[in-house]
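A.B. asks: Before I ask anything, let me first share the structure, which is written out below as structure tokens.
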Amino acid sequence: MSVEKQSFADNKRSVRGHDFTWTENHLTAEQLMPLRQQADDLGLAVVEKLLAIVAARKEAGEKRPDLYTVLKENYANDSTLTEFWEETHAVPDWVDWEEIERGQAFLYRYLAPNITGIVLQGCLGENASTAGTAEVFIRTGGFNVPVLPKRFLETFQWQIQATQSLESLQPGGEGHISTIRVRLLHAMVRHRILKIVDQNPEYYDFEKYGTPINQLDSMHAICVFCVNTPFVQLPKLGINPDPQMIKEYIAVYRYIAYVLGTPTEYFSTVEQSKATMESIMLSEPGPTDSSTVLTSNFIEMIRDFSGVNISKSLIETGVRKINNDEMADQLGLSKPGYFYQALFRGYCGILVFVYRLQRLLPFVDRFLTNMSKQFLVETVMGSAMLKGGSKYEFKHVPSLKKRTTFQYRPIGGAGMFRPVETLSCIAFLIQVLLYAAPIFVAGKVLSGYIQPVHV
């Protein structure tokens, strides 16, 4: 689908606390809505072929392999599988591997701000509040609190594999294979939901939410993990990345979008990518009841997570600051007081200080980027939950009886030490002192010039 242009006399827009100017690159809701009924039909056809092969092997008594392995072993024997294999392994003319290699460092260069933004704005502000995405999530059971930590780590595993090296993302590399696995997983979810709808048409509202995992949802996912980061998430934290780094980072995810079967013309330039993100944000309906469940469960999963022990109140404060109060209210979040607002300000102060230090001292930037990469790889890939790495298998299967519900987990150790909040508090106090010191000095200086009047 080509990107149509449209001009507006009143070109000022605002959505979820993000202000922007409407341009010819933006798309109206009417232009975007057809994408709700379009999906990865090739991926769906491939999954149906692969499931037939798996079923035949099962009857023969063979152990069920993962779908990617079946695809690799059989793509030359079927025209549909061949088309899919060749498409995912082809390299578009617009791919610049050197640019992509530079862009892969973006995740690690701003690791703490990136994770903060993805959690508070990507997962809680965007995915949870986007109706179509939320309605699919709620039906898989994958957002139940006990299984959420592993799903969360799997997401970061995929990001690591896609960004750890250029060879990993190139055809045949670990990140490239993982991206194909993710595409097959999405097609499996869609295949299952469509089968259930055949039995019970009321299971999923196509008219209201579009076809499951549609192209607009896929574009939205690219925005969440890439475009939102430099244009919404990081600026709300006080960080404004270099424009060249933004261009390179978008280049990484444009190629990922291609492998995932997502339209790439909407991410052809930085300007078009930003306009696409803003258009989707503006056109999406508000949060649903399912959004409230997903938000509650996600916060329940990350609050007081072992090692960082971040309180629910600080998380809710962050969601309000990066998104806005209106959305937070719709998602059923409480409104913490000034203390937690001060803590979040202090936390942002730490992130900004490190960011400025990196820009001032290149050797610090290189050191922190490499250290962040090593830390993330060891933490995620070495996790006991992943056991050396996930193959993104289809474990959370939608069914008529399965829906994610509100869940809570017991937290032990009352009065536990909260390192992030302690450092944030110290940082906020330092900020107060830095603001107050000049005022105090100016007051002392002025007082030396003002002579008391004796009556």
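What follows draws every value from the coordinates through simple rules; no lab data is involved. What you see is a predicted model; the values in this text were computed from it and never measured. Note: ideal-geometry Cβ built from the backbone for every residue, glycine included; neighbour counts use all protein chains shown.
A.B. asks: Mind checking segment 44-102 for chymotrypsin sites (Phe, Trp or Tyr not before Pro) that DSSP puts in a loop (not H, G, I, E or B) and that have at most 16 other Cβ atoms within 10 Å? Let's see the in-between values first.
C.D. replies: Working: sites: Tyr68, Tyr75, Phe84, Trp85, Trp94, Trp97; in loops: Trp94.
Those that pass, being in a loop and sparsely packed, are Trp94.
A.B. asks: State the percent of C-alpha pairs, over all pairs in segment 217-279, separated by a distance greater than 17 angstrom. Kindly include the intermediate steps, with their values, before the conclusion.
C.D. replies: Working: 588 of 1953 pairs.
Roughly 30 percent, rounded to a whole number.
A.B. asks: Sum -39500 (n - 2.57) across every DSSP H segment of at least 4 residues in the chain, then divide by the residue count to get the 222 nm mean residue ellipticity, nearest 500.
C.D. replies: For the chain, the value works out to -18500 deg cm²/dmol.
A.B. asks: Treating the angle as unsigned and between 0 and 90°, give the value, to the nearest 10°, between the Cα long axis of helix 312-322 and the longest Cα principal axis of the chain.
C.D. replies: Tilt relative to the chain: about 90 degrees.
A.B. asks: Summarise the long-distance tail of P(r) for the chain by giving the % of C-alpha pairs beyond 29 Å. Could the numbers behind the result be given before it?
C.D. replies: Working: 52902 of 103285 pairs.
Beyond 29 Å sits 51 percent of the P(r) for the chain.
A.B. asks: Within the set Lys150/Lys208; Lys12/Lys247; Lys208/Lys247; Lys63/Lys387, which residue pairs have Cα atoms separated by over 32 Å? Before the final figure, lay out the partial values.
C.D. replies: Values: Lys150/Lys208 30 Å; Lys12/Lys247 24 Å; Lys208/Lys247 34 Å; Lys63/Lys387 20 Å.
Distance filter (> 32 Å) returns Lys208/Lys247.
A.B. asks: Could you list Thr140, Thr317, Thr369 in order of exposure, starting from the residue whose Cβ has the fewest other Cβ atoms within 10 Å?
C.D. replies: Thr369, Thr140, Thr317
A.B. asks: Calculate the spin-label point distance for Lys335 paired with Glu24, positioning each point 7 Å from the Cα along the beta-carbon direction, and give it in nanometres.
C.D. replies: 4.4 nm
A.B. asks: Still on this model: Using +1 at the Cβ of each Lys and Arg and -1 at the Cβ of each Asp and Glu in the chain, identify which of Gly17, Ile299, Tyr338 lies farthest towards the dipole's positive end.
C.D. replies: Tyr338
A.B. asks: While we're looking at this one, here's another question. Out of segment 35-131, which GluC sites (Glu not before Pro) are coil in DSSP terms and have no more than 16 other C-beta atoms within 10 Å? Could the numbers behind the result be given before it?
C.D. replies: Values: sites: Glu48, Glu59, Glu62, Glu73, Glu83, Glu86, Glu87, Glu98, Glu99, Glu101, Glu126; in loops: Glu62.
For GluC sites (Glu not before Pro) across segment 35-131 that sit outside H, G, I, E and B with at most 16 neighbouring Cβ atoms in 10 Å, the list reads Glu62.
A.B. asks: Express in nm, to one decimal, how much length is gained between Asp325 and Leu433 on full extension, taking 0.36 nm for each residue of separation and deducting their alpha carbon distance. Don't jump to the answer; show the numbers that get you there.
C.D. replies: Details: separation 108, 0.36 × 108 = 38.88 nm, distance 2.88 nm.
So the chain would gain 36.0 nm between Asp325 and Leu433.
A.B. asks: Can you give me the distance in nm between label points at Leu400 and Lys195, each placed 7 Å from the Cα along the Cα-to-Cβ direction?
C.D. replies: It is 1.4 nm.
A.B. asks: In percent, what relative contact order does segment 26-381 have, based on Cα pairs under 8 Å that are 6 or more apart in sequence? Please report the intermediate quantities before stating the final value.
C.D. replies: Details: 404 pairs, mean separation 100.0, N = 356.
Once divided by the residue count of segment 26-381, the mean separation gives 28 percent.
A.B. asks: Rounded to the nearest 0.05, what FRET efficiency do Arg409 and Lys444 have when you use their Cβ-Cβ distance and R0 = 51 Å?
C.D. replies: On the way: r = 54 Å, r/R0 = 1.05.
Using R0 = 51 Å, I get an efficiency of 0.45.
A.B. asks: For Tyr392, Tyr338, Tyr209, which order do you get if you count the other beta carbons within 10 Å of each Cβ and list the fewest first? Present the calculation step by step, with values, prior to reporting the outcome.
C.D. replies: Values: Tyr392 23, Tyr338 8, Tyr209 20.
Lowest count first: Tyr338, Tyr209, Tyr392.
A.B. asks: Same structure, new question: By a straight-distance test (C-alpha under 17 Å), which aspartates and glutamates pair with Lys373 as possible cross-link partners, with residues fewer than eight away in the same chain excluded?
C.D. replies: Those aspartates and glutamates meeting the cut-off are Glu101, Glu154, Glu167, Glu174, Asp365.
A.B. asks: Subtract the Cα-Cα distance of Ala90 and Arg359 from 0.36 nm times their separation in residues, and report this length gain in nm to one decimal.
C.D. replies: On the way: separation 269, 0.36 × 269 = 96.84 nm, distance 3.67 nm.
The Ala90-Arg359 span can extend by a further 93.2 nm.
A.B. asks: So how tilted is helix 148-163 from the main axis of the chain? Cα-based, degrees 0 to 90, rounded to 10.
C.D. replies: Here the helix axis deviates by roughly 90 degrees.
A.B. asks: Against the longest alpha carbon principal axis of the chain, how many degrees, from 0 to 90 and to the nearest 10, is the axis of helix 243-260 turned?
C.D. replies: 20 degrees
A.B. asks: Only counting other Cβ atoms within 10 Å, I'd like Lys395, Lys274, Lys12, Lys401 sorted with the fewest neighbours first.
C.D. replies: Lys401, Lys12, Lys395, Lys274
A.B. asks: Taking every pair of distinct Cα atoms and averaging 1/r, then inverting, what Kirkwood hydrodynamic radius in Å comes out for segment 126-172? Each step should come with its number before you reach the end.
C.D. replies: On the way: mean 1/r = 0.0801 Å⁻¹.
Across segment 126-172, the inverse of the average 1/r is 12.5 Å.
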